């Protein structure tokens with residue numbers, strides 16, 4: 001099973017998915033991220049899926065789960081770079097990722113996290 | 001299929017008189033088409049046809065789908081296609097084939113062999129079948145052309161334009177069908193990524209009617225754009241369409257709608273932190 | 001023209017990584033048949049859902065992918081076979097939000113929306129075969 005690497009840039013954790021995700025990798029990523037957010041005290045998580053060709057319900061649910069986990073640690077999650085074909089398919093599938101923030105690309109995702117971070121009292 | 005013994009006499013006649021027969025056939029058809037095809041063109045087409053036809057003489061044309069007819073079918077396919085592109089009518093295309101009959105009848109007028117009559121009947125049936133095939137191929141070619149054209153039209157009538165840095169607009173015009181809406185919406189989402197735009201205005205001022213399916217496509221596009229991190233604004237909903245939307249019970253939910261494209265643009269700019277102010281003109 | 005099929009290919013579904021393999025195989029067929037990018041993505045996503053179902057609910061099985069042609073257009077057909085417990089209540093299984101496992105309950109109903117043709121053949125105690133087809137537009 002391949003593991004998805006998690007990078008730390010300032011107060012943000014960056015997850016760039018470059019592999020064809022199998023379910024075990026998805027579960028491992030959720031665990032790794034929870035651990036990393038708690039150990040680093042990151043205020044934001046960016047998941048870059050610009051290289052991802054398909055998102056099925058299992059992978060889609062991961063975004064929501066990661067968002068919920070990071071919220072428990074007072075961190076925000078942004079999913080960036082979803083391809084048009086993937087977005088159309090997700091809508092047809094009936095998965096709208098309620099509550100997960102999205103951005104067109106990494107740069108805008110980081111900007112959103114920056115804005116949200118400034119609003120924090122900590 | 002081919003009854004060699006019986007067809008022999010006719011085949012022999014057709015073979016020995018090939019040149020004069022094709023010549024007369026070309027003249028007859030050239031007259032029919034009133035100079036819209038040159039004799040040289042007709043000559044080369046008809047010669048080819050004649051060559052693939054000869055081995056089939058004796059068949060009554062009831063089995064044009066069989067492998068023996070493969071060659072002549074592909075000839076007629078190409079021939080009919082060329083005729084469509086050149087603007088000939090289906091009757092002109094088919095009667096060119098039928099015209100060969102009269103020439104062959106003329107050739108056999110003085111024959112005394114009683115068998116020849118039966119052979120001619122079969123030959124006539126064969127040419128009828130082949131003539132009908134040109135109709136079929138003609139119609140097929142025509143359908144293909146129409147399909148191509150409607151695809152081109154689709155591209156032309158559904159432009160996605162960048163009207164400001166970060167703002168795209170799609171002015172939809174005419175009657176929206178499901179297929180067209182889907183194509184436009186896919187193009188719009190692609191353009192969002194290409195241009196890095198966070199706003200898209202779907203202007204439906206020029207749309208006369210929407211049905212449930214079309215409205216669904218619009219809704220799905222808005223949701224898909226949101227998943228990608230962009231926002232769609234629907235502008236220019238006509239009163240009749242607003243009524244249809246309500247009557248159909250379509251939930252537009254939390255989709256941003258604006259009365260006009262200008263309003264939508266102003267809204268998008270404001271979201272991007274751009275204010276439009278009027279300066280006093282001196 | 002009679003329906004024409006070209007070299008069906010079969011892959012076992014017995015583990016997690018097989019789901020990925022099925023996705024890749026279906027993608028390869030979809031590209032070869034020149035489905036549009038959106039249609040490719042829809043079909044591959046449906047295949048992913050169904051392969052996971054075969055694995056989790058059917059206890060494993062195999063997938064079969066082939067190119068098909070109905071005389072008017074080309075398409076890709078994928079079927080998912082298992083010898084698991086079968087589905088007792090189809091209406092329920094095909095309803096949105098219903099799940100007997102840990103999923104979101106979008107597997108079957110979602111996959112059905114992503115394809116042009118969806119056939120489900122199931123018998124309690126014998127197993128399930130789900131066949132999906134996507135035609136070229």
*Give me a single rounded figure for B:192-202: the average over its residues of other chain Cβ atoms within 10 Å of their Cβ.*
2
*State the volume of the convex hull built on the alpha-carbon positions of chain B, expressed per residue in Å³ and rounded to an integer.*
221 Å³
*First measure r as the distance between the Cβ atoms of residue B:19 and residue B:152, then evaluate 1/(1 + (r/R0)^6) with R0 = 45 Å and state the FRET efficiency to the nearest 0.05.*
0.50
*Residues in the range B:260-282 reached by a label modelled at residue A:111 [backbone nitrogen below 19 Å; 7 Å Cα→Cβ]*: B:265-276
_Most mobile listed residue (C:55, C:94, C:37) in chain C, GNM with C-alpha springs under 10 Å_ = C:37
*What is chain B's relative contact order, in percent, from Cα pairs under 8 angstrom and six or more apart in sequence?*
13 percent
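Which order do the peptides B:56-67, B:209-220 come out in when sorted by mean C-beta neighbours inside 10 angstrom, highest first? Working shown, then result.
Values: B:56-67: 15.4, B:209-220: 17.8.
In decreasing order of mean packing, B:56-67, B:209-220 become B:209-220, B:56-67.
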*Just grab the label-to-label distance for residue C:70 and residue B:54, each label 7 Å out from Cα along the Cβ direction, in nm (one decimal).*
4.5 nm
*Shielding by partners, peptide A:91-103 (average Cβ within 10 angstrom, other chains)*: 5
*Considering only DSSP beta bridges where both residues belong to chain B, give the percentage that are antiparallel (nearest 5).*
15 percent
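Just checking the output field for C:42-50: average partner chain Cβ neighbours within 10 Å of each residue's Cβ? Walk me through the intermediate numbers first.
On the way: counts 6, 2, 5, 14, 5, 2, 9, 4, 1.
Across C:42-50, the average partner-chain Cβ count within 10 Å equals 5.
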*Give me the distance in nm between label points sitting 7 Å out from Cα along the Cα-to-Cβ direction at residue C:16 and residue B:281, one decimal.*
6.8 nm
*Global form of the range A:1-66, assessed from the alpha-carbon gyration tensor, a/c cut-off 1.5*: prolate
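Please report the antiparallel percentage of the DSSP beta bridges confined to the protein assembly as shown, to the nearest 5. Could the numbers behind the result be given before it?
On the way: 39 of 68 bridges.
Approximately 55 percent, going by the DSSP bridge assignments.
Ignoring everything except DSSP H segments at least 4 long, calculate the 222 nm mean residue ellipticity for the protein assembly as shown; use -39,500 (n - 2.57) per segment, divide by total residues, nearest 500. Intermediate values should be presented prior to the final figure.
On the way: 18 runs with 282 residues, N = 541.
The helix contribution divided over the protein assembly as shown gives -17000 deg cm²/dmol.
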*Roughly how many Å is it from the Cα centre of the range A:1-22 to that of the range B:32-54, as a whole number?*
69 Å
_Between residue B:177 and residue A:18, what is the label-point separation in nm under the 7 Å Cα-to-beta-carbon projection?_
4.6 nm
*Going by average Cβ neighbours within 10 Å, how do the peptides B:265-272, C:85-92, C:121-128, B:227-234 rank, with the highest at the top?*
B:227-234, B:265-272, C:121-128, C:85-92
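We did not get these values from a lab; they are worked out from the coordinates using the rules stated. Keep in mind it's a predicted model, so treat the numbers as computed, not measured. A quick note on method: Cβ atoms are made from the backbone with ideal geometry, for glycine too, and the neighbour counts reach across all protein chains shown.
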